[in-house]
1. Is the range 2-194 best put as rounded, prolate or oblate by its Cα gyration tensor, with a ≥ b ≥ c the root eigenvalues, rounded for a/c under 1.5, and otherwise prolate when a/b is larger than b/c, oblate when not?
2. Quick one: which residues, 5+ away or cross-chain, put their amide H under 5 Å from the amide H of LEU3? H built at 1.01 Å from N.
3. Just want the ordering: TRP14, TRP83, from fewest to most Cβ atoms lying within 10 Å of their own Cβ.
4. Let's see if you can work this out: charge +1 on each Lys and Arg Cβ, -1 on each Asp and Glu Cβ, no other charges. What is the dipole magnitude of the chain about its Cα centre, in debye to the nearest 20?
5. What length, rounded to one decimal in nm, is gained on full extension from LEU105 through to LEU190, with 0.36 nm per residue of separation minus their alpha-carbon distance?
6. Among SER2, LEU185, ALA89, whose Cα projects farthest towards the positive end of the dipole of the chain, with charges put on the beta-carbon of Lys, Arg (+1) and Asp, Glu (-1)?
7. When a footprinting reagent is the concern and you count Cβ atoms within 10 Å, what order do ILE4, ILE70 take, fewest first?
8. When the helix-only estimate is applied to the chain (DSSP H runs of n ≥ 4, each -39,500 (n - 2.57), divided by the residue count), what is the mean residue ellipticity at 222 nm, nearest 500 deg cm²/dmol?
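Here, each number is a calculation from the coordinates, and none is a lab measurement. Note that the coordinates shown come from a computational prediction; the quantities given were computed from them, not determined experimentally. Cβ placement follows ideal geometry from the backbone for every residue including glycine, while neighbour counts extend to all protein chains displayed.
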Amino acid sequence: MSLIGFVRHGPTQWNAEGRIQGSVDVPLSDEGLEKMRRLKLPPPFDDARVYASPMLRARQTAEAMGLTPILDERLVEQNWGRWEGLSLAEVRAKDGSDAFARAGLKLAFRPPGGESVAQVHARVEAFLADAAKEQSDTVVIAHLGVMRAAYSMATGWNMETPMPEGLDVNKLLVLELKAGGTVTLHAKNLDFISRTA
């Protein structure tokens, strides 16, 4: 058994505007870069293997935190199809107030022209199975969709709500990674260490 920590990328301008990013390669905002430069990983992750999504906002987060990650395509954000770049209000205005309900529930949710939650889960499951072979602590710098998938696998959260209650995605999510890639919750909302402290 080893530990695997999940870090969501730093803030972007689209985050601030409430826009769906998905597969659009949006960079960190200036504020996001500065925020991530002030943070470092706590033990035992200060000496762990680091993986990251190859998307710009994840790579910039790793670089800002002084990390050199192995890039893995399976860690990219969910593709939101034609809803990318829109706010939730704009999606509803364009496709109807029931647009999200019509896109499906739980693992079957698939934005029009995009990727289903089940497909994201399959990618993350495959990554975890490979990561478990290394038998050392690991850090993943990725996206909300990847973090949600990992949390769901570890806890049985049914994904009926946009976010599980009590999970702060701006902090470190720590799972126990077991042989074969199965995960259980170890700790949530673990604080980073401030470089200015």
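1. Numbers: a/c = 1.88, a/b = 1.32, b/c = 1.43.
Since a/c reaches 1.5 but b/c is at least a/b, the shape of the range 2-194 is classed as oblate.
2. Those lying under 5 Å, H to H, from LEU3 are ASP137, THR138, LEU177.
3. On the way: TRP14 19, TRP83 23.
Listing TRP14, TRP83 from fewest to most nearby Cβ atoms yields TRP14, TRP83.
4. Values: 23 positive and 25 negative charges, 24 e Å.
For this selection, approximately 120 debye.
5. Details: separation 85, 0.36 × 85 = 30.60 nm, distance 2.94 nm.
Contour length minus Cα-Cα distance gives 27.7 nm.
6. About the Cα centre, the residue reaching furthest to the positive side is ALA89.
7. On the way: ILE4 27, ILE70 10.
In order of increasing Cβ crowding within 10 Å: ILE70, ILE4.
8. On the way: 7 runs with 62 residues, N = 197.
Helices in the chain give a 222 nm mean residue ellipticity of -9000 deg cm²/dmol.
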